[in-house]
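A short write-up of the structure that comes next.
The values are calculated or read from the model by the stated rules, or taken from the named source; none is laboratory data. Please read all numbers here as calculations on a predicted model, not as lab measurements. A quick note on method: Cβ atoms are made from the backbone with ideal geometry, for glycine too, and the neighbour counts reach across all protein chains shown. The protein model used for the area step is the full one, side chains on, heavy atoms only, and it has no ligands, DNA or RNA in it. Shrake-Rupley method; radii C 1.70, N 1.55, O 1.52, S 1.80 Å.
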Amino acid sequence: MGAVAAALIGLAGCTVGPNYVRPDVTANATYASQSQLQARDATRAAPALDAWWQGFDDPELTRIISRVMSQNLDLAAAMARVDQARAAAREAGAQLAPQGSLDAQVAQEHQSTKGALGEIASQFPGYQRRQTLETLGVGASWELDIAGGLHRGAEAANAEAQAAEANQDGVRISVAAEAADSYFQVRGAQERLRLAQQQIDTETQLLELVKDRLAGGLATSREVAQAQALVLQAKTTLPPLRITLAQQLNRLDVLMGAAPGTYAAELKDSPQNFTVPVIGTDGGPEMLLRRRPDVIAAERKLAASNARIGVAVAEYYPKVSLGGLLGFETLQSGSLFSAQAFQPQAVLGLHWRLFDFGRVDAEVAQAKGANAEALALYRQSMLRATEDVENAIVSLAELETQHRDLTLEVQAHVQARDAAQDAYKGGAVSLIEVLDEDRQLLTSRDQLARVHADDARAAVATFRALGGGWSGSNEVATR
């Protein structure tokens, strides 16, 4: 049996199934919308992708992201999933090593003399019904990985653990970007509320002016009603903005792992001051293969599925195990560790699925199908990543163009409104013209505040699409 065991050990180490080779994914040299990004009129330098939020030069935003990174519960759950995947990988690797065990038992029995064994034994001199059985065994077993199925299983588990790590980085990116997006919605709602209140105050002053003119016989009751309607119209813009503000403040608290209302007062009292920075795209679309956690995770899942083919193919081959036991057993107390009680045992085990009516064939076909699916998903993840970046760049560039135009529009409306009010006071124009200019000014100011916040949100989306928000030093190694 020793020669057979030596031959089987010699066969161990062969690994069936395809060796993994990372597939090439075609990527353009630059983004199609690269020129739009380069044409931006941004003054702040491009921040490092792993801490892009610092590029906005907003201490409040930086403090929020810091809390999110340390307190977010989705991120905590992702970290727990990584721990589980790493433990599974260690377990799969441990299958390659021998296993040892220690078993001991002391059993006391009052034997029946009517049972089959007791009836025979009771006929012999010195028979005792009360018996004590002592056993002690130290065993070891080792499955020889003849076809490499265990090696492929460990390889797959390691790749899946790396995919879990990449998914954790993806959660880190998502929660940081979501927190920044909510933050800028808060700032946008606060600014729009401030402008709306300012407009209400202006319209209220105009209403008082019309009332004074009515008292002097220079205005009509219709003009008073029109001025009152404009004040009420401005007030109707407040509730939707308050709803948005409250919802986004609550969302920020949850992202920071706190109950809604915990940090709301901080944002209500802090000043608004942020600048959208330059966004660098060094490396082009190919960089996404190294920076986007979803792409990295898809590639690692592809590697795992490739290894699973080897696990399935290994079922065509026999499974051989070696086992040994150093044991002691006795019915006589005090003689357990004696030469007479010593009973060693050696075992050579064989299991081979010779006739299973195509089950192994089906398992191999399933593994190959899963690998083909994983390859398609990997390539698709790269396309979607590039699409995300292209869409984010276009949105950012166009919103900034809109922002510049709206700034000029607001300035023009302010001049027109002021001129109309002066003309109305002098009796040169009717109140209708003043009210119309006020409505247009309110609309353009509100839109400018909204676009200013959306501009920052588009920058956040661009950083997120580029895979910003995690350290490149933790990049998952693809093998």
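Taking 0.36 nm per residue of separation and subtracting the Cα-Cα distance, what length does fully extending Glu91 through Asp74 add?
On the way: separation 17, 0.36 × 17 = 6.12 nm, distance 2.58 nm.
The Glu91-Asp74 span can extend by a further 3.5 nm.
Take the Cα of Phe124, go 7 Å toward its beta carbon, and the backbone nitrogen atoms of region 324-350 under 12 Å from that spot belong to 331. Which of Ile64, Asn391, Gln123 sits farthest toward the positive end of the charge dipole of the chain, with +1 on the Cβ of Lys and Arg and -1 on the Cβ of Asp and Glu? Towards the positive end, the residue furthest out is Gln123. Carbon-plus-sulfur accessible fraction, region 243-342 (probe radius 1.4 Å, protein heavy atoms only): 55%.
To the nearest 10, the accessible area of Trp52 is 0 Å² with a 1.4 Å probe.
Of all DSSP beta bridges in the chain, what percent run antiparallel (nearest 5)? Don't skip to the answer; put the middle values down first.
Values: 31 of 32 bridges.
So the antiparallel bridges in the chain amount to around 95 percent.
Think of each Lys and Arg Cβ as +1 and each Asp and Glu Cβ as -1; about the Cα centre, that makes the dipole of region 216-339 roughly 320 debye.
Can you tally the net charge around Leu37? Count Lys and Arg as +1, Asp and Glu as -1, for every other residue whose Cβ sits under 13 Å from the Cβ of Leu37. Please report the intermediate quantities before stating the final value.
Numbers: positive: Arg40; negative: Asp41, Asp282, Glu390, Glu398, Glu400.
Overall, the nearby charge balance is -4.
Per-residue extension of 0.36 nm, minus the Cα-Cα distance of Ala32 and His351, leaves a gain of 109.0 nm for this segment.
R0 = 60 Å: FRET efficiency of Thr135 with Leu383, Cβ-based, nearest 0.05? Each step should come with its number before you reach the end.
Working: r = 64 Å, r/R0 = 1.07.
It comes out at approximately 0.40.
Just to verify a number: FRET efficiency for Gln440 and Thr275, C-beta to C-beta distance, R0 = 30 Å, to 0.05? Result of the calculation: an efficiency of 0.60. Label sites at Ala246 and Ala419, each approximated as a point 7 angstrom past Cα along Cα to Cβ, lie 4.3 nm apart. Tell me, how many Å apart are the Cα centres for region 335-386 and for region 390-405? Region 335-386 and region 390-405 have Cα centres separated by 53 Å.
What are the DSSP H helices in the chain that stretch 15 Å or more along their long axis, judged by alpha-carbon atoms, and whose average Kyte-Doolittle hydropathy comes to at least 1.0?
Values: long enough: 59-71 (18 Å, -0.08); 73-94 (31 Å, 0.17); 149-215 (97 Å, -0.47); 221-235 (21 Å, 0.00); 238-255 (26 Å, 0.36); 293-313 (30 Å, 0.48); 359-425 (93 Å, -0.42); 431-465 (50 Å, -0.23).
Within the chain not a single helix satisfies the rule.
The heavy atoms of Ile309 present about 10 square angstrom of accessible area, all protein chains included, probe 1.4 Å. For region 10-134, the solvent-accessible area with a 1.4 angstrom probe is 66 square angstrom per residue.
If packing is taken as the mean number of other Cβ atoms within 10 Å per residue, what is the order of 43-51, 376-384, highest first?
On the way: 43-51: 14.4, 376-384: 17.0.
Top of the packing list down: 376-384, 43-51.
Length available on full extension from Asp405 to Arg81: 0.36 nm per residue minus the Cα-Cα distance, which gives 111.8 nm.
Which shape class, rounded, prolate or oblate, goes with region 20-86 when its Cα gyration tensor gives a ≥ b ≥ c as root eigenvalues, a/c under 1.5 marks rounded, and past that a/b bigger than b/c marks prolate? Don't skip to the end; give the middle numbers.
Working: a/c = 3.97, a/b = 1.12, b/c = 3.54.
Oblate shape, in that a/c is at least 1.5 and b/c is the bigger or equal ratio.
The distance separating the Cα centre of region 280-333 from that of region 161-187 comes to 28 Å. Taking a sphere under 13 Å around the Cβ of Asp294 and counting the other residues whose Cβ falls inside, with K and R at +1 and D and E at -1, yields a net charge of +4.
Net charge of the neighbourhood of Ala107, taken over other residues with C-beta under 13 Å away and scored Lys/Arg +1, Asp/Glu -1, is -3.
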